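Notes for the one structure printed next.
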Amino acid sequence: MLTEFGKIFAFMLIAIIFVVVTVFVSKLIRPFRPTKEKLLIYECGETPEGSPWVKFNIRFYVVALIFLIFDVEVVLLVPWTLVYQQYGVTGYFIGFIFLFFLGLGMAYEWKKGDLEWARPNPQSSKLKNAVQEVDAS
Amino acid sequence: MGLLDKQFNDDNIVLTTVEDILNWARLSSLWQMSFGLACCAIEMMATSASHYDFDRFGVIPRPSPRQADIIIISGTVTFKMATRIKRIYEQMPDPKYIISMGSCSNCGGPYWEHGYHVLKGIDRVIPVDVYVPGCPPRPEALLDGLLTLQNKIRNESLVKKTV
């Protein structure tokens, strides 16, 4: 006799076997006619340029983390605005304590310079010289 | 592997049943490469929308040719686009089918004589299964084209073609 956990185990087993058998059988019977063009990277019919495994700047990760702070803030503050009146002054200030801690994180990352982005730094003197050279010639 | 892919020399009674199942499965879920070219694409979108409901025939638009079974060439095919269509068609997995929708992709349409940049029929580049006439065809016409394609698939055979 199956226990309650045994039923779940049987359910998982059937699910796994179903997927494995389906993938295996479809691999057996499906048409398999690879060509060079078919295996090419799909770029909307264009000729692919370079590898799709491009390295992205690590700073995008930091920006994503910073975004996460505000994301969580919104997710937690919207329900708070609906119910804080039921908890009186305490509920009101708890929201501000939460904002204060998020603000601490914000101040930290600001101080650390993560909000700074490498900007192009044009050397105005060089540019002026170039303009003068063009004018002269 | 392709154990059932045109591997047999004659058809026997077992094979016909397998054929029926395979063809039924194929024609009931013709996923479509979402690919709109010109004004016919508007009619194609109308066919996909709720009023005509392409989905009831199993036609679901897919963003990648790797997941698609049919491509509907819906509109004017310029020479520039023809090379791209050819590549997209090549990148679809077998079995793949093509519906040529509208006069432009059938034969060049209004550009048949003076369209210096228009391909005179998509069948010059890729093999077409069903032609849907019209400029542009009504959604009913496209549905009829799809049903024609389904009938064509229903009669497909696993037997190796002999010359």
Next item on the list: Among the candidates A:G91, A:G45, single out the residue that is touching a helix residue (DSSP H, G or I) at 6+ places or on another chain (Cβ under 7 Å) and either surrounded by fewer than 10 Cβ atoms within 10 Å (Cβ to Cβ) or away from every other protein chain (no Cβ under 14 Å) (or both).
Entry: A:G91
Checklist line | Residue among B:W31, B:W24 that is more than 21 Å from B:G134 (Cβ to Cβ), touching a Lys or Arg at 6+ places or on another chain (Cβ under 8 Å) and free of Cβ contacts under 8 Å to residues at least 60 places away in the same chain | finding: B:W31
Margin query: Need pairs with beta-carbon distance below 7 Å; first residue closer than 18 Å to A:F70 by Cα and within segment A:105-116, second at pLDDT below 85 and part of a loop (DSSP other than H, G, I, E, B); sequence gap 6+ or separate chains.
Written below: A:E109/A:L115
Margin query: Based on this model, can you work out whether A:S51 counts as within 14 Å of chain B (Cβ to nearest Cβ), small (G, A, S) and exposed (fewer than 11 other Cβ atoms within 10 Å of the Cβ)?
Written below: no
Margin query: It is to be established whether one or more residues within segment A:7-22 are over 33 Å from the mean Cα position of the chain (by Cα) and under 17 Å from B:L4 (Cβ atoms).
Written below: yes
Next item on the list: Any chance you could count how many residues in segment B:120-159 are over 21 Å from B:A25 (Cβ atoms) and among the charged types (D, E, K, R)?
Entry: 6
Next item on the list: Would you please list the contacts, defined by Cβ atoms under 6 Å and residues six or more apart or on different chains, that run from a residue in segment B:77-99 that is closer than 11 Å to B:I126 by Cα and more than 9 Å from chain A (Cβ to nearest Cβ) to a residue that is in a helix (DSSP H, G or I) and not hydrophobic (A, V, I, L, M, F, W, C)?
Entry: B:I99/B:G145
Next item on the list: Could you tell me whether segment A:16-37 includes any residue that is farther than 30 Å from B:P93 by Cβ and surrounded by 10 or more Cβ atoms within 10 Å (Cβ to Cβ)?
Entry: no
Check: Taking segment B:72-106 on its own, how many of its residues are touching a strand residue (DSSP E or B) at 6+ places or on another chain (Cβ under 9 Å) and either surrounded by fewer than 17 Cβ atoms within 10 Å (Cβ to Cβ) or outside any helix (DSSP H, G or I) (or both)?
Finding: 15
Note to self: Here is a list: B:G145, B:G58, B:G115. Which entry is of a type outside the set (A, V, I, L, M), more than 14 Å from chain A (Cβ to nearest Cβ) and either in contact with a strand residue (DSSP E or B) (Cβ under 8 Å, 6 or more places away or on another chain) or in contact (Cβ under 8 Å) with a residue 60 or more places away in the chain (or both)?
What the structure shows: B:G145
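The values are calculated or read from the model by the stated rules, or taken from the named source; none is laboratory data. Here the structure is a predicted model, which is why all the values come from computation and not from measurement. Positions of Cβ are backbone-derived with ideal geometry, glycine not excepted, and every protein chain shown enters the neighbour counts.
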